[in-house]
Each structure stands twice: as structure tokens, then as C-alpha cells.
């Protein structure tokens, strides 16, 4: 079987490096054909192709290959309220969100490509209190499954948590955490309950897979640890054995 041709080539990263040094409209217009051929075109082709495997993970994940308004982030920066007036982004971002759109927070995926930093992520960004509480409760009520996933030999070396964290667990969660930890300690006869149990991040939770500077399509297969099913947030923790990459 012939090897699958990568969607992204070193030309994408070469363009972004040069754009970083020449972040102005004149240079970009002179090199727009390169942007279309080496950056935008491959990204849209990747989005189109990755939609099928993403829908196998969940029918609610959207991979939108429209040139405008789809999964690919626009290259132009919003500089209205920024002291940095550089007109263009120097990284490629792709978002694969839930089909509920802006109707409320839900799990999704993100792929980031930049020279020296490429990663795939999954999770919920800035959930409101009710959703954040459900995520925390799902983890607290099934700490055994959570620990097995985040310490699994193929998972742990490749993923990190991103987002703000609380120094102390919410008071309502402490009895549940202690009860769960005590049960585990009794089963193992060697584990002690931590007086300051950790909890889910305060504002967001994203698991990211750090990939090489020139990632392959498999770099985008990292799933969120909390998966959305139907109209509710399921407590099932999912993972993918096919994610490739390493921390850089």
C-alpha cells in the first residue's frame, strides 16, 4: 500500500517564518499566491478529509471546509483593540466544534500549526458555571477511570493540561473526592487520601498533543477527554490510540 501523502509540507512553515519577519500588507499581497498554495489550500483539503474520521468519533463534530466562516481561522488579525498592529496571524488555526454552534459550550478539537509549535487539542473552552460543574462532577465521580486515562502509557507522555486551575477543590466536591479516594485506598491498601485534592480547571480544560514542527494528518486525531453525546455532556472519557507526535 502506498504511503499517504502529507497534507502539510515544510513550505507552510517556511511561509509563516517569512510572514513573521515581514508582517505587512505589501509583502503579503506579493506572496498571496504562496499563501493560497502552501497554507490555505492544504488546510482546507485537510479539513475536508478529516471530517469523516471525526464524525466516527461523534456525529456532532463539525469539520467545515468553507474558505470563509468554516473551520479554518482567518489569517487577518483583529487589531481594533490591540497595541500590536501586525495585520496577519503567524500561525494556522483550525477549529472542529460541536454542531450546536454558539448555542452553548461543548467539547471540540483544535489544531495549531506554527514554526516550532504544533499541537492538537480537545476539550471545552471557557464553559459557564453549570457546564464546568458537570465536567468536574464527572471526573470526581469516576476518578478511577480518569486516572487510568491520564496515566496510560501511550497517553501521558504526549498530553498536557492547559487552562487555569483551582488551588483547592470546591467545598461541595471534597466529600466526594475523599470518599472515592478512600475507597481506592481500601482496595489497594496503600493509597492515602490527599488533604488537598486537585480538580478540573477553573475556566477551561484542554488536552493537547505536542507534535513535530511538520505534523502529519494523524496529529489532529487527539480527542477531548469529555465527549458530547446527544444534547448532554456524557461522562465517558475517550482516548485515541492513533495519535502520533511528541512533546516539543
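The values are calculated or read from the model by the stated rules, or taken from the named source; none is laboratory data. Computed from a prediction, not measured in an experiment: that's the story for all the values here. Counting neighbours? That spans all protein chains shown, and the Cβs are built from the backbone with ideal geometry, glycine included.
Of all the residues in the range 50-76, those that are surrounded by 15 or more Cβ atoms within 10 Å (Cβ to Cβ), more than 20 Å from residue 101 (Cβ to Cβ) and modelled with pLDDT under 95 number 1. Mind checking whether some residue in the range 24-45 is at pLDDT 95 or above, in a loop (DSSP other than H, G, I, E, B) and closer than 22 Å to residue 162 by Cα? For the range 24-45, residues at pLDDT 95 or above, in a loop (DSSP other than H, G, I, E, B) and closer than 22 Å to residue 162 by Cα: absent.
Regarding the range 47-63, can at least one residue be identified that is closer than 22 Å to residue 20 by Cα and over 14 Å from the mean Cα position of the chain (by Cα)? No; the residues of the range 47-63 include none that is closer than 22 Å to residue 20 by Cα and over 14 Å from the mean Cα position of the chain (by Cα). Can you say whether residue 15 is in a helix (DSSP H, G or I) and buried (at least 19 other Cβ atoms within 10 Å of the Cβ), as far as the supplied structure shows? Yes: the conditions hold for residue 15.
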